[in-house]
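Presented below is the structure to which this report refers.
Read-outs throughout are calculated quantities, based only on the coordinates presented, and are distinct from any laboratory measurement. Not measured: the values here are computed from a predicted model.
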Amino acid sequence: MPQFAQVTRRIFACSLLFAASALAPAQAPAQPKPPIGTPIAPAEVYGKLLDTMEQEFVSAADAMPEDKYNFAPTQGEFKGVRTFAEEIKHVIEANAYFFRDPAKPQVDHRADIEKLKTKAEIMQALKDSFAQAHAYMNAITPENAFLATANGTRAGMAAFGLAHFMDHYGQMVEYLRMNGIVPPASRGSM
């Protein structure tokens, strides 16, 4: 009888392994790294950076409950700092500046952005601003990346835009933690 129990356990374990592998989501094979020295298009380089940083920023914006969107610290040296919502609105405005078509005139969107009140409105405008950023990144080519524009170069504006919104991401992380919320990127789920 002990031998029968051992065989039964082995069959059961194998069945579980088979079921788990059959039910596991199919994962696309990892793309091989290009050999060192391979040219990579600027749009791909900046696009990958934007994908990662956008995911962290948008998930942090979404993690704060709507009733805390007007949170700003009051203890210590925080007089006059932006609220959580104002941090996001500032990034929406800045994204419109950094990631605009350099051939078109600058449009001031501040009045429209200030009208955003609900979390849903702010989140949609944030996502739209990142869609604009992706369009900008996708238009960077080896030929135009370092050509002078009215505000520097496309590559320079892309780098500064990425650095800018990650600076504000750091502030949002502080606000989340002050409200007992662990930022999604720190949870290990991203």
Any aspartates and glutamates whose Cα falls less than 17 Å from that of Lys33, other than same-chain ones fewer than 8 residues away, would be Glu44
Put one equal scatterer on each alpha carbon of the range 41-186, apply the Debye formula with no solvent term, and list log10 I(q)/I(0) at q = 0.19 1/Å to two decimals.
-1.11
Within the set Lys48/Lys119; Lys48/Lys115; Lys79/Lys127; Lys68/Lys115, which residue pairs have Cα atoms separated by over 23 Å?
Lys48/Lys119; Lys48/Lys115; Lys79/Lys127
